[in-house]
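Engineer: Here it is, the structure, as structure tokens.
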């Protein structure tokens, strides 16, 4: 990431709180050592019509990639572990609504790196369950938000 | 408003870009001098369930008032002209997506104060039409955002 001011960090934290989502999935996949692929990510959304302005925010962040969905929405996805960690550490000092999610996700990324055996992996899955539980109520609310 | 840091200003600008709406209505009302009530406002939304965290953002802004809707949504509404102007000037240096809307709304508030005759008022209505046109495409997109 390029150098970024604390005001820009704060702006991004505010935008994440207003518009963004933090997810983690544990997908069954037998090609992975413990039978699961762990896929954490952050997504920001915006209409493709305002993509030129949205791209300014994405460039400011300078991590992840912008993807155009067929339904007129552009998604900025940060899914690579190092980039995700960098992003979360960037917003951590300023985030308000998603403060707990940011902290828990950083913990998950940390644990993920330290896995040595099946017990470690099961503990990680528990953390992920806790995160998803926590997120689920948020998601439900989001759905209620725009009837 | 209490003293606020530039990081807090930037956070609020980011939150407005992600989650907020800027509106202005010209409502027919014969008790008003030129037959219309001009009602501009900024609204931020959040689920009532996360109201305690949302209240932190509202307190940070320190303008407007928090209202609980019956559908589980809390709205933070800034509708008084002086407070609205203060809010818009606060976010103006940092806002990205809603930059044009903030500038145009500040112009509308400015014109509104200077009205001396019917021609001035009609010019104001034109500005409001322009703003609403501009906002309308945003609103439509918002609707598409959460299918």
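The values are calculated or read from the model by the stated rules, or taken from the named source; none is laboratory data. Because the structure is predicted, anything quoted here is derived from the model rather than measured. For neighbour counting, all protein chains shown are included, and Cβ atoms are generated from backbone atoms with ideal geometry for every residue, glycine included.
Engineer: Identify the single condition in (1) over 26 Å from residue B:112 (Cα atoms); (2) touching a strand residue (DSSP E or B) at 6+ places or on another chain (Cβ under 6 Å); (3) facing chain A (nearest Cβ under 10 Å); (4) at pLDDT 90 or above that residue B:56 does not satisfy, given that it satisfies every other one.
Structural biologist: (2)
Engineer: Can you pull out every residue in the stretch B:35-52 that is farther than 18 Å from residue B:17 by Cα and within 14 Å of another protein chain (Cβ to nearest Cβ)?
Structural biologist: Hits for the stretch B:35-52 are B:48, B:49, B:50, B:51, B:52.
Engineer: Please go through the stretch B:69-113 and give me each residue that is within 15 Å of residue B:38 (Cβ to Cβ) and in contact (Cβ under 8 Å) with a residue 40 or more places away in the chain, ordered by number.
Structural biologist: Matches in the stretch B:69-113: B:79, B:81, B:84, B:105, B:108, B:109, B:112.
Engineer: State all residues of the stretch A:1-11 that are in contact with a helix residue (DSSP H, G or I) (Cβ under 8 Å, 6 or more places away or on another chain) and either within 17 Å of residue A:103 (Cβ to Cβ) or surrounded by fewer than 18 Cβ atoms within 10 Å (Cβ to Cβ) (or both); if no residue qualifies, say none.
Structural biologist: Those that are in contact with a helix residue (DSSP H, G or I) (Cβ under 8 Å, 6 or more places away or on another chain) and either within 17 Å of residue A:103 (Cβ to Cβ) or surrounded by fewer than 18 Cβ atoms within 10 Å (Cβ to Cβ) (or both): A:1, A:4, A:6, A:9.
Engineer: Here's a follow-up. Looking only at the stretch A:69-87, how many residues end up being within 14 Å of chain B (Cβ to nearest Cβ), assigned to a strand (DSSP E or B) and touching a helix residue (DSSP H, G or I) at 6+ places or on another chain (Cβ under 9 Å)?
Structural biologist: The qualifying residues number 3.
Engineer: If residue A:125 satisfies all but one of (1) within 20 Å of residue A:57 (Cβ to Cβ); (2) part of a helix (DSSP H, G or I), what's the number of the condition it fails?
Structural biologist: All conditions pass for residue A:125, except number (1).
Engineer: With respect to the numbered conditions (1) surrounded by fewer than 18 Cβ atoms within 10 Å (Cβ to Cβ); (2) modelled with pLDDT of 95 or more, which one is the sole condition not fulfilled by residue B:147?
Structural biologist: Only one criterion is unmet by residue B:147, namely (2).
Engineer: Restricting to the stretch A:74-88, what's the tally of residues that are crowded, with 18+ Cβ neighbours inside 10 Å and out of contact with any strand residue (DSSP E or B) (no Cβ under 6 Å at 6 or more places or on another chain)?
Structural biologist: 3
Engineer: So, one more: From the list B:96, B:22, which residue is within 22 Å of residue A:60 (Cβ to Cβ) and more than 11 Å from chain A (Cβ to nearest Cβ)?
Structural biologist: B:22
Engineer: Just to be sure before I move on: is residue B:96 modelled with pLDDT of 95 or more, in contact with a helix residue (DSSP H, G or I) (Cβ under 7 Å, 6 or more places away or on another chain) and within 15 Å of residue A:14 (Cα to Cα) in the structure I sent?
Structural biologist: It is true that residue B:96 is modelled with pLDDT of 95 or more, in contact with a helix residue (DSSP H, G or I) (Cβ under 7 Å, 6 or more places away or on another chain) and within 15 Å of residue A:14 (Cα to Cα).
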